[in-house]
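Below is one structure, written out as C-alpha cells, with a few remarks after it.
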Amino acid sequence: MVKQLDFLAGFSYYRLVYFCVLIDVFLSWFSGTDDFCPGGSIYTNPKESSLFLSLGRHVDVYFPSRKRSRISAPFVFSGERFEQKKPSIEVLPDECLFEIFRRLPGGQERSSCACVSKRWLTIVSNIRSNEISDNKTTQALDLNYESTDKKGGDVSEVEDEDVAGGYLSRSLEGKKATDVRLAAIAVGTAGRGGLGKLFIRGSNSSRGVTAVGLRAISRGCPSLRVLSLWNLATVGDGGLCEIAEGCHQLQKLDLCHCPAITNESLLSLAKGCPDLTDLTIEGCANIGNEGIQAIARCCPNLKSVSIKDCPLLGDQGIASLLTSASYSLSKVKLQALNITDVSLAVIGHYGKAVTDLSLTSLPNVTEKGFWVMGNGHGLQKLKSFTVKACRGVTDLGLEAIGKGCPNLKQFCLRKCAFLSDNGLVSFAKAAGSLESLELEECHRVTQFGFFGSLINCGAKFKALSLMNCLGIKDLNVGLPPLPPCESLRSLSIRNCPGFGDASLAALGKLCPQLQNVELSGLHGITNVGFLPLLKSCEAGLVKVNLSGCPNLGDKVVCKMADLHGWTLEMLNLDGCKISDAGLVAIAENCQLLSDLDVSKCTITDSGIAALARSNLINLQILSVSGCNLVSDKSLPSLGKLGQTLLGLNLQQCKAISSGAVDLLVEQLWRCDILF
C-alpha cells in the first residue's frame with residue numbers, strides 16, 4: 001500500500017484532495033449506495049462534504065446498507081470494540097481505475113500513476129487522448145496548482161530538447177523491445193509534445209512486441225507520423241490495425257521482415273491513414289497485390305515507394321501504384337519482385353512525376369521492357385536511375401532510355417552482363433543532361449566504350465566511375481587524336497586489373513580539368529603513366545586517392561606536391577611505395593592539406609618529424625596504420641601535430657608502445673586516436 005501511494009508525494013495539496021475525493025466517490029458507488037452515507041447526506045450544506053476527509057478513526061457511526069456490498073472489508077475485533085481495516089485501492093476493478101486516471105488533471109499525474117505497477121501502466125496506456133476528462137474542476141485545480149508553483153518556486157520549467165523539433169522520437173532494439181516499454185512510451189510522451197517517430201528493431205525473444213504494445217501506441221500517440229518495424233515475427237495484422245485506427249496522421253511506414261503481416265494490414269492503413277507519403281516494404285512474404293492496390297486507391301499523396309522481396313506482388317500491384325499516383329509518386333524502388341515487362345511499360349507511361357528510379361534483380365524483365373519504358377515518354381522528370389542485376393539491359397534498351405529521359409543526370413549500371421560498348425556510346429550521345437555515370441561489373445564494356453562515352457557525352461558530364469570491370473584493358477594500338485572532355489571533374493577507377501599506363505596517359509590528355517581522382521587497387525599503373533596525368537590537370541587536383549597502387553612511389557608524390565600543392569586537400573597513399581622523401585615534399589608544399597593517409601608505407605620517425613616542423617601544413621586527419629618503422633620517438637612530433645588533429649590512426653604500428661599511446665590520449669584530448 002505504501003509503495004502504491006508513493007506517487008502522491010509529488011502532488012500539491014489541491015490535487016491530492018481532488019484525487020482522494022475521486023477514490024471515495026468510487027468506493028461509495030461500489031458499496032451499493034448512491035451517497036457517501038445511506039439514507040441521505042449527513043451534511044446540510046453540500047460544501048461541508050470536504051470535511052469527510054478529516055474524520056478520524058475514532059468516530060463510531062453505523063449506517064445499515066440497503067443492498068449487498070460489492071466490496072467487503074475485514075473486521076478485526078479487539079476487546080469490546082472492533083475496527084475496520086482501510087480498504088486498498090487495488091480492490092477496485094480496472095473500469096474504476098480507468099475512470100479515475102482519465103480524470104487526473106495532467107499528463108504528469110498520469111505518468112506518476114503508470115509508474116506504480118504494470119496493471120496501472122496498462123490501464124493508463126489504454127486511455128485515448130479524447131477520453132481524458134476536461135471538466136471544470138480539473139481545470140480549476142490545474143490553474144490553482146500552477147499559481148501555487150509560481151509563488152512557491154518549487155517547480156522549475158525545463159524545456160525538453162526533443163520537443164523543440166515538434167515531436168518526440170523513440171527507438172527500441174532487441175531485448176528492450178517489449179509491450180511494457182511501448183506502453184511506457186505511450187504514457188510518457190503523451191504530455192510532452194506527442195510521439196512523432198517510433199523505430200522498433202528486433203524484439204524480445206520471450207516477451208516480444210505484440211498487438212498489445214501497438215494498441216498502447218495507437219491510443220496514446222495519435223500524433224505518430226513515422227513508424228518503422230524491423231524483424232518482428234510477433235507483430236501481425238492486429239497491431240497494424242490498431243495503428244490505423246488511432247494514428248491517422250501517419251505519413252511514413254517501414255515494414256521489414258514482418259512475416260505475420262498480410263494484405264489486411266495494408267487495407268486498414270489505407271483507410272485509416274490517407275496522408276501516407278512514404279511506404280517501404282521488405283521481406284513481407286504475405287503482402288501482395290490487394291494490399292498495394294488499396295494503398296494506391298486511398299493514399300493520393302504517396303511520394304515514395306520501396307518494395308523488396310515480396311513474392312506475392314506482381315504487375316497488378318505495381319500498375320495500380322503508378323496509375324493512381326501518377327502525379328505525386330516521385331521515388332520508386334523495386335527489388336527482387338516477380339514483375340514483368342508490363343510493369344516497366346506502366347512506369348514508362350505513367351511515371352510523370354518520378355525523379356528517382358531503382359530496378360534491382362528483376363529476372364522476368366527482358367529487353368522489350370526497357371525498350372518500351374524508354375519509348376513511353378513518361379519519364380520526362382527522371383533525374384536518377386539505377387539498374388542492378390537485370391539481364392534485360394541491352395544496347396537497344398539503354399539507347400531508348402537515353403532518348404526517353406531527357407533530364408537524366410545520374411545513371412548507375414551494375415552487373416549488366418549484356419551491355420556492350422555500342423550501347424554505352426549510344427546512351428552517352430542521347431543523354432544530353434547526364435552529369436554522372438557509374439559502371440560496376442559490366443564486363444563487356446572495353447576501352448573503346450570507356451573513351452567513346454567520354455568523347456560523346458554532353459557538356460554537363462562531370463563524374464565517371466568504373467568498378468570491377470574486367471573488360472577494361474590497355475590497348476597496344478595508340479588512340480587517334482580526340483577532342484578533350486572539358487566538363488569532367490571527377491574520375492574513379494577501382495579494381496580494374498587491365499587498366500594501365502597507356503590508358504592513364506590517354507586519359508590525362510582527354511580530361512584536362514580533373515580535380516578529384518581515385519585510382520585504387522590498380523597494380524598496372526606506375527610513375528610513367530601517372531606523371532603525364534599530373535602535368536595535364538590544369539585546374540589543380542583537390543582530392544587524390546591512390547590506395548592499393550603498389551607501383552607508385554615518391555617521384556609521383558613529389559611531382560604532385562610541386563604542381564598541385566596549392567589546391568590539394570585530401571591525399572590517400574595507403575599501400576604505395578612512399579618514404580620520408582614524399583612526406584618532406586608534402587610538408588613543404590601542401591598548405592591546404594587536411595587529410596593524409598600514409599598507411600602501410602615505409603615512412604619513419606624522420607618523416608613524421610618533417611610534418612611536425614612544417615609551419616604550412618594543418619592536418620586534421622592523419623593515418624599511419626601499419627607503418628612499422630614509426631616508433632615512440634615520434635611521440636613529440638605527434639604531440640605537436642595534435643594541436644590541429646581531430647583523428648589519428650596508429651593501428652598495427654608495432655614499434656609504438658601502449659604507454660606512448662596513453663600519453664598521447666592524455667595530451668591530445670580533442671583527437672580521436674585509434675590504436
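The values are calculated or read from the model by the stated rules, or taken from the named source; none is laboratory data. Since this is a predicted model, take the numbers as computed values, not measurements. Virtual Cβ from ideal backbone geometry, glycine too; neighbours counted across all protein chains shown. Please note that ligands, DNA and RNA were not included when accessible areas were found on the heavy atoms of the full protein model with its side chains. Shrake-Rupley method; radii C 1.70, N 1.55, O 1.52, S 1.80 Å.
As a calculated quantity, the FRET efficiency between ASN628 and ARG670 at R0 = 30 Å, using C-beta atoms, amounts to about 0.65. The label-point distance for SER328 and ALA459, in a model that sets each label 7 Å from Cα toward Cβ, rounds to 4.0 nm. Measuring between alpha carbons in the structure, the pairs from LYS252/LYS409; LYS462/LYS559; LYS331/LYS535 lying more than 32 angstrom apart are LYS331/LYS535. Both radii are taken from the alpha-carbon atoms of region 432-552; with Rh as the Kirkwood radius, Rg/Rh is 0.92.
Would you tally the net charge around ALA353, using a Cβ to Cβ cut-off of less than 9 Å, leaving ALA353 out, and scoring K and R as +1, D and E as -1? Once positives and negatives cancel, what remains is +3. Here region 418-564 has 53 percent of its accessible surface on carbon and sulfur atoms, given a 1.4 Å probe and all protein chains in place. Per residue, region 365-494 exposes an accessible area of 43 Å² to a 1.4 Å probe, with every protein chain left in place. In bins 5 Å wide, starting from 0, what share of all Cα pairs of region 326-458 does each bin hold, as a percent? Spelled out bin by bin, region 326-458 gives 2, 12, 23, 28, 21, 10, 4, 1, 0 percent.
Across region 323-432, Cα pairs under 8 Å and at least six residues apart give a relative contact order of 24 percent. The calculated FRET efficiency for the pair THR567 and LYS352, based on their C-beta separation and a Förster distance of 60 Å, comes to about 0.90. Once the C-beta distance of SER206 and SER306 is scaled by a Förster radius of 35 Å, the resulting FRET efficiency is 0.65 to the nearest 0.05. Each label point was placed 7 Å from the Cα along the Cα-to-Cβ direction; for ARG119 and HIS248 their separation is 3.5 nm. Once the Kirkwood radius over Cα pairs is known for region 403-458, the Stokes-Einstein relation at 10 °C and 1.306 mPa s delivers a diffusion coefficient of 142 µm²/s.
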